[in-house]
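**Q** I'd like to ask you about the structure that follows.
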Amino acid sequence: MPTIQLLPEVLINQIAAGEVVDRPASVLKELLENSLDASARVVEVQLQQGGVKQIRIADDGCGIAEDQLGLALERHATSKIASLDDLERVATMGFRGEALASIASVARVTLTSRTQGGAHAWRIAAGETSPAPAALNGGTVIEVADLYWNVPARRKFLKSEATEFGHCDDVFRRIALARPDVAFQLQHNGRVTQRLAPGDAARRCREILGEEFIANARAVEVEAAGLRLSGFAALPAYARATRDAQYFFVNGRFVRDKLIAHALREAYADILHGSRFPAFALFLDMDPAGVDVNVHPAKTEVRFREARAIHQFVRHAVSRTLASPVAEAGVQLAAPPTREIYAQAEPTQVRLDIREPGYVPTGYPVAGQAGPTRTGFSPAIHRPTAGFSVPAPQTLPLAAADAEGAPLGYALAQLAGIYVLAQNAKGLVLVDMHAAHERILYEKLKQVLDGAPATQQLLIPAVFGASAREIACAENQRETLSRIGFELSAAGPAELAVRCVPALLARADLVSLARALLGELSDYPASDVLTARRNELLATLACHGAVRAHRILSLPEMNALLREMEATERADQCNHGRPTWTQLTMAELDAFFLRGR
């Protein structure tokens, strides 16, 4: 019969090390967190062979007294909590007190520290009973050498030097991102790879995630009911193929939480499609009593007491930030061009016709056809049409026109019937007119679907040949079609007639629109299509209803499109996550043409 016995202390620590220390990056994380808990303002990290040979961390924190150095290496010895009440309101990065003991059981650990005002430093190695005098200006230096020297089976599971250093670099970046007020330096095999000066969150994000991330991100700053979410959420144009640019912190602690991940997926659901992953660096600050950080050995998972409230807060904060119209997103206001035709005042209606079947602009060949070539482009063809409303041009002083503000500027011309060129205070704005109009229609369709959509009866129904499946779908989905403003009925044994459409789409290509709509509806039960497939359905309608490429717009129509974009939520990207506009600054243009050199 087997007997129950106590395990040796060394074996206990090695078992604990299996939970806390699985690779050099885990050691680095624990030691960096200790430095930050010691109020360090400068932290220097030195690694050898990816951290397997040596990890050395020096900080300028408060230090450890001589009589406590030996105790610091004992299991479950800590200065950060003293009671159950402290455990329920953990405000420090570390608190269990098992990290140093676990590390010391599988590596050679040396601890040197000097307190503020101390005569000199003291040094102790794991296994020693008393510290010895040492030289150190202040703070603490921890050296961890030969990881898993006494557990060769564990050492075999470590990867190559480059791989282990990559994991260490990830940990370093996360902790440096969480504490922009602290200076950090990372050195590997004698070469400095990261040197970060203290600064604000924007500067640290720029240093860690790159200038491109900041240029494509919206600043998040929302506070409510004791919760505060700050940081940056990238637009869908910066979406990644992996999750390598996703950073979420709760009270300064990097976490990977399923609740938070779901909230962020929901926030991006309406603007990011496909298998791409959003990029963000977000910081949630809350009462420590509302979050339990003691649910995972590595402390990368947390549990919220008010999980639903946290989910809704994060989701809506990010969603509203990404949805904010261009006019509210911090874009500099534009100075209008010097031509008086762009100044605007009286609200006379000029509208954009989103449908001209068979229209081919002069000078631009259509795919599969030969067309005349041109060396220039025509700025506009003026004709009254329907779709966008804009003020009529007149001759007010430009200063008065500028007072109204136009972040996307004023139209100059159209390129190849695809892009709108505009000028604002920063320089040149390029707009993909189809993608922009698609987003505008999509947002409008979502609004009208919440109520009774305005419809337009067709004087002459649009009749088209239909398959048996399409006819059956039109019959089965009659209620759904009516709910979104369509009326389709049989016009013959193999024909369908479009008799009524939403007013927003009245000038679209109704036959192609009806076919696409039936294709979307045919695969789903009528009871689910306006719930589970609502956004996909509206995106299809908007795509087919939007103005097509090679459609020449007049200057008032182009300006109308710009004004609609400025007032529309999520206008920075189309329904498929592609950008709708971009900015070329005067500095970028000057650099391209080597001006000033």
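Laboratory data are not the source of any read-out in this text; all were calculated from the coordinates shown. Quick caveat, the model's predicted, so the values are computed rather than measured. A quick note on method: Cβ atoms are made from the backbone with ideal geometry, for glycine too, and the neighbour counts reach across all protein chains shown.
**Q** Taking 29 Å as the cut-off for C-alpha to C-alpha distance, list the pairs among LYS29/LYS258; LYS258/LYS444; LYS159/LYS299; LYS53/LYS299; LYS426/LYS446 that go past it.
**A** Details: LYS29/LYS258 21 Å; LYS258/LYS444 32 Å; LYS159/LYS299 23 Å; LYS53/LYS299 25 Å; LYS426/LYS446 33 Å.
Going by Cα-Cα distance, LYS258/LYS444; LYS426/LYS446 fall outside the 29 Å limit.
**Q** Which order, highest average first, do 474-486, 67-79 follow once you tally other Cβ atoms within 10 Å for each residue and take the mean per peptide?
**A** Numbers: 474-486: 18.7, 67-79: 16.1.
Those peptides, ordered most packed to least, come out 474-486, 67-79.
**Q** Okay, moving on. Modelling each spin label as a point 7 Å along the Cα-to-Cβ direction, I'd like the GLU128/LYS159 distance in nm, to one decimal.
**A** 3.6 nm
**Q** Something else: Each label point is 7 Å from the Cα along the Cα-to-Cβ direction; what then is the distance between the points at LEU6 and ARG578, in nm?
**A** Placing both labels 7 Å beyond Cα along the Cβ direction yields 7.1 nm.
**Q** Between ARG256 and GLN49, what is the label-to-label distance in nm when each label sits 7 Å out along the Cα-to-Cβ direction?
**A** Once both label points are built, they end up 2.7 nm from each other.
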